[in-house]
Amino acid sequence: MARRVLLMAVVASIVSLLAFSALAEDVCEVASRVMPESCVTQADLFVTLNQVFGNCGGTTVEEIVANFISKGYLPADFTLEANACVTKGFVSQILYHALGLRPGLIERVRIAVSGLTPGIALKIAQDNALMVLGDADENLTGAEFVACIFALVRYELHTTPLPCTTYRALKSQLDQWLVCIQQVMPLSEAATYIPGLIHVPTS
């Protein structure tokens, strides 16, 4: 029993350390680190989105989550599992609420009938060139996450208002992130995950 308690304490310490490490990293540092990973953790997701959204507040992952809940980006009953993998549908739901994405007519009807499911949110985020291809219940890989952050930074550079700050306050940082993210993943590679990132002229 004592060994089990000790093991649980060690695991909790490791998870806490990972979350703290993520908090100390810049967006591009996180992108570079998670690039080869098979999935992205909740801790890395929330810390990175908090920065790209313009710092919604919080010095710990728990505080960031609490702020996301208060702003309606996450459901009120959400429980943080810092080391758990995130899915494409889950991330899309956050983007939908934080960015105020506008659904098409069919999606509006579906939301009215069944609420904003991960599948509906995924379709809307993909239509806005903010989410990679795939299904709502698929884990988001590190490379796919980098492509999403690339897309999100580009989106915020051309869209106002921003979730947690003003465009003027964040523009310089967004410009810097755009440059350094392209060193991690060039636009041409990101576009293989999110085809809508590159607009081909029709005439």
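The values are calculated or read from the model by the stated rules, or taken from the named source; none is laboratory data. Predicted, not measured: the structure shown is a model, and the values here were computed from it. Every residue, glycine as well, gets a Cβ built from its backbone with ideal geometry; the counts of neighbours run over all protein chains shown.
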Take THR41 and decide whether it is surrounded by 15 or more Cβ atoms within 10 Å (Cβ to Cβ), within 22 Å of ALA190 (Cα to Cα), in contact with an Asp or Glu (Cβ under 6 Å, 6 or more places away or on another chain) and among the polar types (S, T, N, Q).
-> no
Looking at (1) touching a residue at least 24 places away in the same chain (Cβ under 8 Å); (2) surrounded by 17 or more Cβ atoms within 10 Å (Cβ to Cβ), which is the only condition ALA169 fails?
-> (2)
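Evaluate region 32-41: report whether one residue or more is acidic (Asp, Glu) and either in contact (Cβ under 8 Å) with a residue 24 or more places away in the chain or not in a helix (DSSP H, G or I) (or both).
Yes - at least one qualifying residue is present in region 32-41.
Condition check ((1) in a loop (DSSP other than H, G, I, E, B); (2) aliphatic (A, V, I, L, M)) across all residues:
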position: ALA143; (1), (2): no, yes
position: ALA147; (1), (2): no, yes
position: ALA151; (1), (2): no, yes
position: THR160; (1), (2): yes, no
position: GLU189; (1), (2): no, no
Only one of ILE94, ILE111, ILE120, ILE64 is touching an Asp or Glu at 6+ places or on another chain (Cβ under 9 Å), of a type outside the set (S, T, N, Q) and crowded, with 16+ Cβ neighbours inside 10 Å; which?
-> ILE120
Leading residue by the ranking (modelled with the lowest pLDDT) among those in region 81-111 that are touching a Leu at 6+ places or on another chain (Cβ under 9 Å) and not in a helix (DSSP H, G or I) | PRO103
Going by the structure shown, is LEU130 under 21 Å from PHE46 (Cα atoms), part of a loop (DSSP other than H, G, I, E, B), among the aliphatic types (A, V, I, L, M) and over 15 Å from the mean Cα position of the chain (by Cα)?
-> no
